[in-house]
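A.B. asks: Got a structure here, written out as C-alpha coordinates. Questions coming.
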Amino acid sequence: MIHISATDRVFVLTGAGVSAESGIPTFRGAGGLWRNYRIEEVASPYAWQRDPRLVWEFYSMRRRAASAARPNPGHHALAKLEESLQDRFSLCTQNVDDLHEQAGSRRVVHMHGELFKSRCDRCRRAPFDDTETYEPPRDVPRCHCGGHIRPHICWFGEVPYDLDKIADALDQSTVFIAVGTSGLVEPAASFVARVRGRARTIYVGPEEPANNFAFSDCYWGKAGELLPQIFRCD
Ligand SMILES: [Zn+2]
(Lines give C-alpha, C1' and ligand atoms only; values in the text may rest on other atoms or scores of the structure.)
Protein backbone atom coordinates (compact mmCIF):
# COMPACT_ATOMS: atom_id res chain seq x y z
CA MET A 1 0.00 0.00 0.00
CA ILE A 2 1.14 3.53 -0.80
CA HIS A 3 -0.01 5.64 2.10
CA ILE A 4 -0.64 9.29 1.20
CA SER A 5 -1.08 11.66 4.11
CA ALA A 6 -3.00 14.94 4.13
CA THR A 7 0.22 16.93 3.69
CA ASP A 8 1.89 14.78 1.05
CA ARG A 9 2.49 16.12 -2.44
CA VAL A 10 2.58 13.39 -5.05
CA PHE A 11 4.51 13.47 -8.32
CA VAL A 12 3.73 10.69 -10.80
CA LEU A 13 5.85 9.95 -13.88
CA THR A 14 4.34 7.56 -16.42
CA GLY A 15 6.12 5.82 -19.27
CA ALA A 16 5.48 3.63 -22.27
CA GLY A 17 4.42 0.63 -20.17
CA VAL A 18 1.20 2.40 -19.16
CA SER A 19 0.22 3.03 -22.80
CA ALA A 20 1.35 -0.43 -23.87
CA GLU A 21 -1.27 -1.92 -21.53
CA SER A 22 -3.85 -0.11 -23.68
CA GLY A 23 -2.40 -1.65 -26.83
CA ILE A 24 -0.31 1.30 -28.01
CA PRO A 25 2.93 0.05 -29.56
CA THR A 26 6.18 1.29 -28.05
CA PHE A 27 8.44 2.86 -30.65
CA ARG A 28 10.68 5.14 -28.69
CA GLY A 29 13.97 3.86 -27.41
CA ALA A 30 16.84 1.72 -28.52
CA GLY A 31 15.97 -0.97 -31.00
CA GLY A 32 12.62 0.54 -32.03
CA LEU A 33 11.84 -0.18 -35.67
CA TRP A 34 9.16 0.94 -38.11
CA ARG A 35 9.14 -0.53 -41.63
CA ASN A 36 12.87 -1.26 -41.39
CA TYR A 37 13.64 2.30 -40.31
CA ARG A 38 15.27 2.85 -36.97
CA ILE A 39 13.01 5.18 -34.98
CA GLU A 40 15.80 7.76 -34.80
CA GLU A 41 15.61 7.91 -38.60
CA VAL A 42 11.98 9.06 -38.61
CA ALA A 43 11.84 10.98 -35.32
CA SER A 44 14.60 13.57 -35.42
CA PRO A 45 15.17 17.10 -36.79
CA TYR A 46 17.48 15.52 -39.36
CA ALA A 47 14.72 13.17 -40.57
CA TRP A 48 12.36 16.15 -40.84
CA GLN A 49 14.85 18.06 -43.02
CA ARG A 50 15.60 15.06 -45.17
CA ASP A 51 12.14 13.59 -45.70
CA PRO A 52 9.17 15.31 -44.00
CA ARG A 53 6.69 13.11 -45.91
CA LEU A 54 8.18 9.99 -44.37
CA VAL A 55 8.03 11.61 -40.93
CA TRP A 56 4.33 12.44 -41.41
CA GLU A 57 3.67 8.93 -42.65
CA PHE A 58 5.10 7.58 -39.40
CA TYR A 59 3.11 9.99 -37.22
CA SER A 60 -0.08 9.45 -39.22
CA MET A 61 0.23 5.74 -38.50
CA ARG A 62 0.79 6.51 -34.82
CA ARG A 63 -2.24 8.83 -34.74
CA ARG A 64 -4.39 6.03 -36.15
CA ALA A 65 -3.04 3.49 -33.65
CA ALA A 66 -3.55 5.86 -30.71
CA SER A 67 -7.05 6.94 -31.69
CA ALA A 68 -8.18 3.30 -31.52
CA ALA A 69 -6.84 2.91 -27.95
CA ARG A 70 -8.77 3.46 -24.72
CA PRO A 71 -7.50 4.21 -21.22
CA ASN A 72 -6.93 1.24 -18.91
CA PRO A 73 -7.68 0.99 -15.16
CA GLY A 74 -4.20 2.43 -14.42
CA HIS A 75 -5.07 5.68 -16.22
CA HIS A 76 -8.41 5.83 -14.40
CA ALA A 77 -6.76 5.25 -11.00
CA LEU A 78 -4.42 8.21 -11.57
CA ALA A 79 -7.31 10.46 -12.63
CA LYS A 80 -9.14 9.48 -9.46
CA LEU A 81 -6.05 10.22 -7.35
CA GLU A 82 -5.80 13.69 -8.93
CA GLU A 83 -9.44 14.27 -8.07
CA SER A 84 -8.83 13.58 -4.38
CA LEU A 85 -5.46 15.34 -4.06
CA GLN A 86 -6.18 18.28 -6.42
CA ASP A 87 -3.14 20.60 -6.49
CA ARG A 88 -1.12 18.26 -4.28
CA PHE A 89 -0.86 15.99 -7.33
CA SER A 90 1.32 16.35 -10.45
CA LEU A 91 1.27 14.05 -13.44
CA CYS A 92 4.11 14.07 -15.93
CA THR A 93 4.08 11.61 -18.79
CA GLN A 94 6.63 10.50 -21.35
CA ASN A 95 3.73 9.26 -23.47
CA VAL A 96 2.44 11.31 -26.38
CA ASP A 97 -1.06 9.80 -26.57
CA ASP A 98 -4.06 11.37 -24.79
CA LEU A 99 -5.12 8.37 -22.68
CA HIS A 100 -4.57 10.21 -19.38
CA GLU A 101 -6.86 13.01 -20.57
CA GLN A 102 -9.42 10.49 -21.83
CA ALA A 103 -9.44 8.93 -18.35
CA GLY A 104 -10.19 12.33 -16.80
CA SER A 105 -6.76 13.65 -15.78
CA ARG A 106 -6.90 17.42 -16.12
CA ARG A 107 -3.36 18.69 -15.62
CA VAL A 108 -1.02 16.47 -17.58
CA VAL A 109 2.49 17.58 -18.48
CA HIS A 110 3.54 15.92 -21.73
CA MET A 111 7.30 16.27 -21.62
CA HIS A 112 7.74 14.52 -24.99
CA GLY A 113 4.89 16.33 -26.71
CA GLU A 114 1.42 15.37 -27.84
CA LEU A 115 0.54 13.14 -30.75
CA PHE A 116 -2.71 14.99 -31.45
CA LYS A 117 -1.09 18.41 -31.69
CA SER A 118 0.94 20.00 -34.47
CA ARG A 119 2.95 23.17 -34.78
CA CYS A 120 4.80 25.25 -37.36
CA ASP A 121 8.49 24.51 -37.89
CA ARG A 122 9.17 28.17 -38.59
CA CYS A 123 6.98 30.68 -36.73
CA ARG A 124 6.07 30.94 -33.04
CA ARG A 125 2.42 30.04 -33.49
CA ALA A 126 1.27 27.94 -30.52
CA PRO A 127 0.82 24.17 -30.94
CA PHE A 128 -2.76 23.42 -32.02
CA ASP A 129 -5.09 20.41 -31.91
CA ASP A 130 -4.71 18.25 -34.99
CA THR A 131 -6.09 14.75 -35.49
CA GLU A 132 -5.53 14.67 -39.28
CA THR A 133 -3.35 12.16 -41.06
CA TYR A 134 -0.94 13.33 -43.76
CA GLU A 135 0.07 10.49 -45.98
CA PRO A 136 0.91 10.34 -49.68
CA PRO A 137 -0.59 11.56 -51.95
CA ARG A 138 -1.37 14.24 -49.36
CA ASP A 139 1.37 16.80 -49.12
CA VAL A 140 3.11 18.03 -46.00
CA PRO A 141 0.79 20.71 -44.55
CA ARG A 142 1.87 24.34 -44.60
CA CYS A 143 1.46 27.19 -42.16
CA HIS A 144 0.18 30.60 -43.35
CA CYS A 145 3.74 31.88 -42.76
CA GLY A 146 5.09 29.49 -45.39
CA GLY A 147 6.68 27.09 -42.91
CA HIS A 148 5.81 23.42 -42.68
CA ILE A 149 3.47 21.99 -40.07
CA ARG A 150 5.21 19.32 -38.01
CA PRO A 151 4.07 16.98 -35.23
CA HIS A 152 4.26 18.55 -31.74
CA ILE A 153 6.65 15.86 -30.58
CA CYS A 154 10.00 16.08 -28.84
CA TRP A 155 12.27 14.30 -31.27
CA PHE A 156 15.63 12.67 -30.63
CA GLY A 157 18.12 15.49 -30.15
CA GLU A 158 15.47 18.03 -29.03
CA VAL A 159 14.88 19.39 -25.54
CA PRO A 160 11.82 18.01 -23.69
CA TYR A 161 9.02 20.47 -22.85
CA ASP A 162 8.08 22.13 -19.55
CA LEU A 163 11.28 21.16 -17.72
CA ASP A 164 11.05 24.21 -15.40
CA LYS A 165 7.50 23.35 -14.41
CA ILE A 166 8.53 19.72 -13.86
CA ALA A 167 11.50 20.74 -11.70
CA ASP A 168 9.23 22.89 -9.49
CA ALA A 169 6.77 20.04 -9.02
CA LEU A 170 9.58 17.59 -8.26
CA ASP A 171 11.09 19.92 -5.67
CA GLN A 172 7.76 20.22 -3.86
CA SER A 173 6.96 16.51 -3.89
CA THR A 174 7.11 14.21 -0.87
CA VAL A 175 6.07 11.08 -2.77
CA PHE A 176 7.54 10.23 -6.17
CA ILE A 177 5.96 7.39 -8.16
CA ALA A 178 7.32 6.14 -11.49
CA VAL A 179 4.99 3.89 -13.44
CA GLY A 180 5.90 1.69 -16.40
CA THR A 181 9.01 3.59 -17.40
CA SER A 182 12.29 1.95 -18.34
CA GLY A 183 14.55 4.34 -16.43
CA LEU A 184 16.69 4.69 -19.55
CA VAL A 185 15.44 7.82 -21.31
CA GLU A 186 16.92 11.06 -19.98
CA PRO A 187 16.11 13.46 -18.44
CA ALA A 188 13.11 11.56 -16.99
CA ALA A 189 15.38 8.78 -15.72
CA SER A 190 17.08 11.29 -13.40
CA PHE A 191 13.90 12.67 -11.77
CA VAL A 192 14.07 10.03 -9.04
CA ALA A 193 17.67 10.99 -8.17
CA ARG A 194 16.57 14.63 -7.80
CA VAL A 195 13.99 13.82 -5.09
CA ARG A 196 15.68 10.84 -3.46
CA GLY A 197 16.52 11.35 0.21
CA ARG A 198 13.73 13.93 0.57
CA ALA A 199 10.73 12.12 -0.92
CA ARG A 200 9.57 8.52 -0.82
CA THR A 201 10.46 6.94 -4.16
CA ILE A 202 8.19 4.23 -5.52
CA TYR A 203 8.27 2.19 -8.71
CA VAL A 204 5.23 0.44 -10.20
CA GLY A 205 5.62 -1.76 -13.26
CA PRO A 206 6.16 -5.23 -14.61
CA GLU A 207 9.91 -4.98 -15.19
CA GLU A 208 12.86 -3.82 -13.18
CA PRO A 209 13.87 -0.32 -14.40
CA ALA A 210 17.50 0.53 -15.17
CA ASN A 211 17.55 2.97 -12.23
CA ASN A 212 16.03 0.46 -9.80
CA PHE A 213 18.58 1.28 -7.07
CA ALA A 214 17.06 4.75 -6.60
CA PHE A 215 13.65 3.50 -5.48
CA SER A 216 12.78 2.78 -1.86
CA ASP A 217 9.72 0.66 -2.75
CA CYS A 218 8.93 -1.38 -5.86
CA TYR A 219 5.62 -2.94 -6.81
CA TRP A 220 6.01 -5.47 -9.59
CA GLY A 221 3.07 -5.96 -11.91
CA LYS A 222 0.84 -4.26 -14.44
CA ALA A 223 -0.14 -0.67 -13.73
CA GLY A 224 -3.72 -1.50 -14.69
CA GLU A 225 -3.88 -4.14 -11.99
CA LEU A 226 -1.86 -2.46 -9.22
CA LEU A 227 -2.80 1.23 -9.38
CA PRO A 228 -6.55 0.80 -8.75
CA GLN A 229 -5.87 -0.83 -5.36
CA ILE A 230 -2.53 0.53 -4.22
CA PHE A 231 -3.32 4.02 -2.84
CA ARG A 232 -4.56 4.78 0.64
CA CYS A 233 -5.28 8.47 1.16
CA ASP A 234 -5.93 10.12 4.55
ZN1 LIG B 1 4.17 29.36 -39.29
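A.B. asks: What percent do you get for the relative contact order of the chain when only Cα pairs under 8 Å and 6+ apart count?
C.D. replies: Details: 435 pairs, mean separation 64.8, N = 234.
It rounds to 28 percent for the chain.
A.B. asks: Moving on. List the lysines whose Cα sits under 20 Å from the Cα of Lys222, skipping any in the same chain fewer than 8 residues away.
C.D. replies: List returned: Lys80.
A.B. asks: Could you compute how fast the stretch 101-234 diffuses translationally, taking Rh as the Kirkwood radius over C-alpha pairs and applying Stokes-Einstein at 10 °C with viscosity 1.306 mPa s? Give it in µm² per second.
C.D. replies: Working: Rh = 17.5 Å.
Translational diffusion coefficient: 91 µm²/s.
A.B. asks: Please give the per residue accessible area of the chain, computed with a probe of 1.4 Å over protein heavy atoms only, in Å². Please list the in-between numbers first.
C.D. replies: Details: 11330 Å² over 234 residues.
Counting only protein heavy atoms, the per-residue value for the chain is 48 Å².
A.B. asks: Using a Gaussian network model of the chain with C-alpha springs under 10 Å, which one of Val18, Val140, Val192 is most mobile by mean-square fluctuation?
C.D. replies: Answer for the Gaussian network model of the chain: Val140.
A.B. asks: Per residue of the stretch 33-40, what does 6.51 cos²θ - 1.76 cosθ + 1.60 with θ = phi - 60° give for ³J(HN,Hα)? Whole Hz please, x for Gly and Pro, Karplus curve as stated.
C.D. replies: So the J values, rounded to whole Hz, are 10, 9, 6, 6, 8, 5, 4, 4.
A.B. asks: Next question, about the same structure. Give me the percent of the accessible area of the chain that comes from carbon and sulfur atoms, probe 1.4 Å, all protein chains in place.
C.D. replies: Working: 5530 of 11330 Å².
About 49 percent, which is the carbon plus sulfur part of the accessible surface.
A.B. asks: In straight Cα distance, which lysines are under 24 Å from Lys117, not counting same-chain residues fewer than 8 positions off?
C.D. replies: Lys165
A.B. asks: Once fully extended, how much extra length lies between Asp168 and Asp51, figured as 0.36 nm per residue of separation less the alpha-carbon to alpha-carbon distance?
C.D. replies: Working: separation 117, 0.36 × 117 = 42.12 nm, distance 3.75 nm.
Extra length available between Asp168 and Asp51 comes to 38.4 nm.
A.B. asks: In units of 2.2 N^0.38 Å, what is the alpha-carbon radius of gyration of the chain?
C.D. replies: It is 1.03.
A.B. asks: Quick one: ranking Met61, Met111 by accessible area, 1.4 Å probe, largest first, what do you get? List each step's numbers first, then the result.
C.D. replies: Working: Met61 45, Met111 0 Å².
So, going from the largest accessible area down, we get Met61, Met111.
The values are calculated or read from the model by the stated rules, or taken from the named source; none is laboratory data. This structure is a prediction, so every number in the text was calculated from the model and none was measured. What goes into the accessible areas is simple: the full protein's heavy atoms, side chains included, and nothing from ligands, DNA or RNA. Shrake-Rupley method; radii C 1.70, N 1.55, O 1.52, S 1.80 Å.
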